[in-house]
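The values are calculated or read from the model by the stated rules, or taken from the named source; none is laboratory data. Since we're looking at a predicted model, the values are computed, not measured. Here the Cβ positions follow ideal geometry from the backbone for every residue, glycine too, while neighbour counts run over all protein chains shown.
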Amino acid sequence: MNLLQSLPVLIMFACGPAHAQSAVRVDLNGSIAAGTCTVAAVTKTMPTVGADAFPQTAAGKGAAVASYTDFSINLTACSGVTGATFVFGTDADRHGTERDSFRNKGAGGSPYIAIWLRGTCSGGPTYQPAQSVTRTFSTATYTFPLCAQYYKAAGGLVTPGPASTNFIVTITYQ
Amino acid sequence: MNLLQSLPVLIMFACAPAHAQSSARVELNGHVNAGTCTVAAVTKAIAHVGANAFPQTAAGTGGITASYTNFELSLTGCSGVTGASFQMGAAADASTQANVFKNKATNGAPFTGYWIKEGTGRCATGTTVAPGDAISKNFTAATYQLYLCAQYVKIAGGLVTMGPLSTNFTVTITYR
């Protein structure tokens, strides 16, 4: 019988006073996402127009050319962003009857005034509340041109007062 | 031994590629004011009357029923206008009698002029409008009619003799 086999294996490693060690693996994993752009809030003052600029019957509907107001949503620092989807406000921003326009939120303002948002006031596409529009970007900046105008809705005559609205544009980047 | 305990826990979160978003508030502030109405000029021909229709004394005064001529200032496109003040000519449009518009015709019939009356009662029961008077009216619709009536009137100083009779004045309308 082999002694080594019969004896309990008593092996003691007489270790020198080696310093305790351990190792830890560091993994750094990353990726670069498309990122976002920087976008500024927009505040525009639209021209004051006379009530005589609108249709003069309760049932009449129509825009006031004198109110055409160009503005834009300006996006900067967009490198890596290939495009974005813009959502213009929500259903709650719709005018009561002119559903494709924004309601007049001015205190005491005429309920028959809506604010019509278009690409260009004279003939651009309409951007109605809650509408989603996708655009492709090819540079680090992007300008979304818009134009707002007053629009008389049917139901009554226009009365003097504020003609204002506001909405949040939600921009989702690609 | 449970396999799960013996294995290093390798959990990888497979994150959905959440799209980055930002938002921008757009604020559009404007105003509609009362605006103005559209108003047309008025030209009226008034009937001929004989000099015998007027009072026949130099001191006599009075209007001529046969000359009663209704007319209106018609205002349209007034939505948003809540009212207006109509200033009917100026004091310079008056004859020697302050509430009579003077006869401005060349070689016009002497001692004549016009009374202008305002209101639906027209010449019969309307209110006399002296040159330069301001009339204030409230509007409730997109159109407004100011009812007026003109008539020849004799003023004191002499007898009326034949000749043309005409006047003109500017109505200044201030909206509110």
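Structure data summary
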{"read-out": "Residues of segment B:136-156 satisfying the condition of being surrounded by fewer than 18 Cβ atoms within 10 Å (Cβ to Cβ) and either within 12 Å of the chain's Cα centre (by Cα) or at pLDDT 95 or above (or both)", "value": "B:S136, B:K137, B:N138, B:T143, B:Q145, B:Y147, B:A156"}
{"read-out": "Candidates A:D27, A:D91, filtered to the one that is modelled with pLDDT under 90, surrounded by fewer than 15 Cβ atoms within 10 Å (Cβ to Cβ) and either among the charged types (D, E, K, R) or in contact with a helix residue (DSSP H, G or I) (Cβ under 7 Å, 6 or more places away or on another chain) (or both)", "value": "A:D27"}
{"read-out": "Criterion: farther than 25 Å from B:P55 by Cβ and more than 10 Å from the chain's Cα centre (by Cα) - qualifying residue of B:A92, B:A84", "value": "B:A92"}
{"read-out": "Residue satisfying all of: in segment A:123-158; small (G, A, S) and closer than 22 Å to A:A51 by Cβ; surrounded by the most Cβ atoms within 10 Å (Cβ to Cβ) among these", "value": "A:A148"}
{"read-out": "Hey, B:T174 in a strand (DSSP E or B) and modelled with pLDDT under 95 or not", "value": "yes"}
{"read-out": "Residue that is nearest to A:L117 (Cα to Cα), among those in segment B:27-48 that are within 14 Å of chain A (Cβ to nearest Cβ) and free of Cβ contacts under 8 Å to residues at least 60 places away in the same chain", "value": "B:L28"}
{"read-out": "Selection within segment A:94-116 - part of a strand (DSSP E or B) and of a type in the set (G, A, S)", "value": "A:A114"}
{"read-out": "Any strands (runs of 3 or more DSSP E) falling wholly within segment B:49-139 and containing at least 2 residues that are touching a residue at least 60 places away in the same chain (Cβ under 8 Å) and small (G, A, S)", "value": "B:83-88"}
{"read-out": "So A:T170, is it within 17 Å of A:P55 (Cβ to Cβ), within 11 Å of chain B (Cβ to nearest Cβ) and either at pLDDT 95 or above or not in a strand (DSSP E or B) (or both)", "value": "no"}
{"read-out": "Of all residues making up segment A:99-152, the number that are among the basic types (K, R), closer than 16 Å to A:I168 by Cα and either within 11 Å of another protein chain (Cβ to nearest Cβ) or out of contact with any strand residue (DSSP E or B) (no Cβ under 9 Å at 6 or more places or on another chain) (or both)", "value": "1"}
{"read-out": "Residue, nearest to A:T43 (Cα to Cα), within segment A:117-149, restricted to residues that are part of a loop (DSSP other than H, G, I, E, B) and among the aromatic types (F, W, Y)", "value": "A:Y127"}
{"read-out": "Residues (touching a Cys at 6+ places or on another chain (Cβ under 7 Å) and surrounded by 21 or more Cβ atoms within 10 Å (Cβ to Cβ)) located in segment B:65-120", "value": "B:L75, B:C78, B:V81, B:K117"}
{"read-out": "Residue among B:V26, B:V81 that is of a type in the set (A, V, I, L, M, F, W, C) and within 16 Å of B:V171 (Cβ to Cβ)", "value": "B:V81"}
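Every residue, every condition in (1) of a type outside the set (V, I, T); (2) at positive phi; (3) without any contact (Cβ under 8 Å) to a residue 12 or more places away in the chain; (4) surrounded by fewer than 17 Cβ atoms within 10 Å (Cβ to Cβ), yes or no:
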{"position": "A:G35", "(1), (2), (3), (4)": "yes, yes, no, yes"}
{"position": "A:V42", "(1), (2), (3), (4)": "no, no, no, no"}
{"position": "A:T48", "(1), (2), (3), (4)": "no, no, yes, yes"}
{"position": "A:D52", "(1), (2), (3), (4)": "yes, no, yes, no"}
{"position": "A:S79", "(1), (2), (3), (4)": "yes, no, no, yes"}
{"position": "A:A84", "(1), (2), (3), (4)": "yes, no, no, no"}
